[in-house]
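Chemist: Let me begin by handing over the structure; questions about it come next.
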Amino acid sequence: MHKEDITQVTEIDREAFPTQWPPPNYQNELRNQMAHFIVVCDGEKPVETTKSTSGKTGLISRLRRFFRLDRPSDEGQSESPGHYIVGFVGSWIMADEAHITSIAVREAYRRQGIGEQLIISAIEKAIENKADILTLEVRVSNTGAQALYTKYGFTQVGLRKGYYTDNREDAIIMSTDKIRSAPFQARFQQLKEAHSSRKALADKTTPTK
């Protein structure tokens, strides 16, 4: 994630988690050597025109994944200026463990497979950085997210009582098995291929106008 992305990422975060306090400081995340962020952009929708369209096209093909440069010292050109960020996922990678700290998709772009693509990307990033397991917390009430995480090999390993400061809701701790193991990799590849097939089908069946 680059500094140019912070305004949009913060906007998405506030839309998805309006009661979370304090809100994440993404300026600090840029300086965090353990932090890795991936954003998804609508490659055909410039930021300047975002208020005039709804985003409910269903065309996953219009979305481009941009893997953010992970180190704040990296002065490379950002790939997302001028593009509309529609979702993001953040993780910390510490030694052999990766922990998903945040994941969110703009409301107008939900139910189009973007959240699933972000989970896939987070797992790929963890594997790329030699992590063995991936963990996260999720609200007890967020059964939809729990189902997605379970699909990708996360299981409940604990409970954090009163974890969320807005309403003292408990958080379920979820973790994967060894993500570089042969069984996990085989299942992961199957899920990735199935997700890609669904996107391809959507591209063929969804009108462009």
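The values are calculated or read from the model by the stated rules, or taken from the named source; none is laboratory data. The structure displayed is predicted, hence computed values, not measured ones. Note that we place each Cβ from the backbone using ideal geometry, even for glycine, and neighbour counts take in every protein chain shown.
Chemist: Show the residue pairs meeting these rules: Cβ distance below 8 Å; 6+ apart or different chains; first residue within the range 129-148 and closer than 19 Å to Ala98 by Cβ; second residue among the acidic types (Asp, Glu) and crowded, with 17+ Cβ neighbours inside 10 Å.
Modeler: Leu148/Glu116
Chemist: Report yes if some residue within the range 130-141 is surrounded by 19 or more Cβ atoms within 10 Å (Cβ to Cβ), touching a Leu at 6+ places or on another chain (Cβ under 7 Å) and not β-branched (Val, Ile, Thr); otherwise report no.
Modeler: No: zero hits.
Chemist: Go through the range 21-48 residue by residue and tally those that are closer than 20 Å to Arg110 by Cα, not in a strand (DSSP E or B) and not aliphatic (A, V, I, L, M).
Modeler: 4
Chemist: Give the residues of the range 146-192 that are crowded, with 18+ Cβ neighbours inside 10 Å and part of a helix (DSSP H, G or I), sorted by residue number.
Modeler: Of everything in the range 146-192, those that are crowded, with 18+ Cβ neighbours inside 10 Å and part of a helix (DSSP H, G or I) turn out to be Tyr149, Phe184, Phe188.
Chemist: For the range 121-129, check the following and say yes or no: at least one residue is surrounded by fewer than 22 Cβ atoms within 10 Å (Cβ to Cβ), under 19 Å from Gln189 (Cα atoms) and of a type in the set (Asp, Glu).
Modeler: yes
Chemist: Do we find that His36 is surrounded by 14 or more Cβ atoms within 10 Å (Cβ to Cβ) and either of a type in the set (A, V, I, L, M) or modelled with pLDDT of 85 or more (or both) in this structure?
Modeler: When the stated conditions are applied, His36 passes them.
Chemist: Sticking with this structure for a sec: Is there a residue in the range 109-117 that is touching a Leu at 6+ places or on another chain (Cβ under 9 Å), assigned to a loop (DSSP other than H, G, I, E, B), more than 19 Å from Val9 (Cβ to Cβ) and free of Cβ contacts under 8 Å to residues at least 60 places away in the same chain?
Modeler: No, the range 109-117 contains no residue that is touching a Leu at 6+ places or on another chain (Cβ under 9 Å), assigned to a loop (DSSP other than H, G, I, E, B), more than 19 Å from Val9 (Cβ to Cβ) and free of Cβ contacts under 8 Å to residues at least 60 places away in the same chain.
Chemist: Pro81 is checked against (1) at pLDDT below 90; (2) in contact with a helix residue (DSSP H, G or I) (Cβ under 6 Å, 6 or more places away or on another chain); (3) part of a strand (DSSP E or B) and fails just one. What number does that condition carry?
Modeler: (3)
Chemist: Does the range 85-102 hold any residues that are touching a Gly at 6+ places or on another chain (Cβ under 8 Å) and buried (at least 22 other Cβ atoms within 10 Å of the Cβ), and which are they?
Modeler: Once the filter is applied, which keeps residues that are touching a Gly at 6+ places or on another chain (Cβ under 8 Å) and buried (at least 22 other Cβ atoms within 10 Å of the Cβ), the range 85-102 yields Val86, Gly87, Ile100.
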